[in-house]
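Please read the structure below before turning to the comments.
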Amino acid sequence: MEIETKDFDYSKRSQWLRAAVLGANDGLVSTASLMMGVGAVKQDIKVMILTGFAGLVAGACSMAIGEFVSVYSQAAAASALAFSVGAIVPLLAASFIREYKVRIGVVLGAVSLALVVFGWLGAVLGVLVGGWLAMAITFGLTKLIGSSGL
């Protein structure tokens, strides 16, 4: 009796992973850059937070629409969510610091740390998915050759 197995197409997961990693990095860098740019000329925390929030909403919508048009609606939701997660980092970092110079430093530090974490996570997941794909291809080809009586 042979057990039937269902093959899982890992390549479909790679689109979601790509959108999530790129979306989070884009949200992080875009929103932080907007906040730092406005922060360079306006020391008011409300202006800086409002700018960051507008960047979060505009960027998440832009990412979702771009992904929807180019790929499909699932990758669009992943991009919007990932952009928002990245954009929240500088917003939260700036939200509780009244002192201008400290706020700028905290945003820079939080964004730097998040970039390292997102970069590491993207690399690790990329290697992991790549490893799984290599093992699946090797398993499938070996099974194919082995079942042909070699």
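Would you check if G122 is within 21 Å of T31 (Cβ to Cβ) and under 17 Å from the mean Cα position of the chain (by Cα)? Write out each step before concluding.
On the way: within 21 Å of T31 (Cβ to Cβ): yes; under 17 Å from the mean Cα position of the chain (by Cα): yes.
Against the criterion (within 21 Å of T31 (Cβ to Cβ) and under 17 Å from the mean Cα position of the chain (by Cα)), G122 qualifies.
Among the residues of segment 6-21, is any modelled with pLDDT of 60 or more, basic (K, R), more than 21 Å from A82 (Cβ to Cβ) and surrounded by fewer than 20 Cβ atoms within 10 Å (Cβ to Cβ)?
Yes - at least one qualifying residue is present in segment 6-21.
Can you tell me which residue among S95, S70 is touching a residue at least 24 places away in the same chain (Cβ under 8 Å), surrounded by fewer than 19 Cβ atoms within 10 Å (Cβ to Cβ) and more than 12 Å from T31 (Cβ to Cβ)? Give the derivation first.
On the way: S70 fails: touching a residue at least 24 places away in the same chain (Cβ under 8 Å).
Testing whether each residue is touching a residue at least 24 places away in the same chain (Cβ under 8 Å), surrounded by fewer than 19 Cβ atoms within 10 Å (Cβ to Cβ) and more than 12 Å from T31 (Cβ to Cβ) leaves just S95.
Among the listed residues S84, S79, which satisfies the condition of being part of a helix (DSSP H, G or I) and at pLDDT 90 or above? Please lay out each step first, then the result.
Details: S79 fails: at pLDDT 90 or above.
Every option except S84 fails the conditions.
Regarding A24, is this residue buried (at least 19 other Cβ atoms within 10 Å of the Cβ) and either acidic (D, E) or modelled with pLDDT under 90 (or both)? Steps first, please.
Values: buried (at least 19 other Cβ atoms within 10 Å of the Cβ): yes; either acidic (D, E) or modelled with pLDDT under 90 (or both): yes.
Here the answer is yes, as A24 does meet what is asked.
In segment 73-92, what count of residues is obtained for those that are of a type in the set (S, T, Y) and within 15 Å of S30 (Cβ to Cβ)? Steps first, answer last, please.
Of the residues in segment 73-92, the ones of a type in the set (S, T, Y) are 73, 79, 84.
Subset that is within 15 Å of S30 (Cβ to Cβ): 79, 84.
Qualifying residue count for the region: 2.
Give the residue that is farthest from A114 (Cα to Cα), with candidates limited to residues of segment 27-53 that are β-branched (V, I, T) and buried (at least 20 other Cβ atoms within 10 Å of the Cβ). Spell out how you get there, then give the answer.
Initially, segment 27-53 is screened for residues β-branched (V, I, T), giving 29, 31, 38, 41, 45, 47, 49, 51.
Among the residues that remain, those that are also buried (at least 20 other Cβ atoms within 10 Å of the Cβ) are: 31, 51.
On the way: T31: 13, T51: 20 Å.
Per the stated criteria, the residue is T51.
Looking at segment 103-130, which of its residues are among the hydrophobic types (A, V, I, L, M, F, W, C) and either closer than 14 Å to G39 by Cβ or in contact with a strand residue (DSSP E or B) (Cβ under 7 Å, 6 or more places away or on another chain) (or both)?
Selection gives I104, V106, V107, L108, A110, V111.
Determine, yes or no, whether V89 is in contact (Cβ under 8 Å) with a residue 24 or more places away in the chain, surrounded by 15 or more Cβ atoms within 10 Å (Cβ to Cβ) and of a type in the set (V, I, T).
Answer is yes for this residue.
Could you please give the count of residues in segment 113-150 that are part of a helix (DSSP H, G or I) and exposed (fewer than 12 other Cβ atoms within 10 Å of the Cβ)?
Here is the first cut: in segment 113-150, the ones part of a helix (DSSP H, G or I) are 113-147.
Filter once more, keeping what is exposed (fewer than 12 other Cβ atoms within 10 Å of the Cβ): 116, 120, 123-124, 127-128, 131, 134-135, 137-147.
Count: 20.
The values are calculated or read from the model by the stated rules, or taken from the named source; none is laboratory data. These numbers come from a predicted model, not from an experiment. Backbone-built Cβ (ideal geometry, glycine too); neighbour counts: all protein chains shown.
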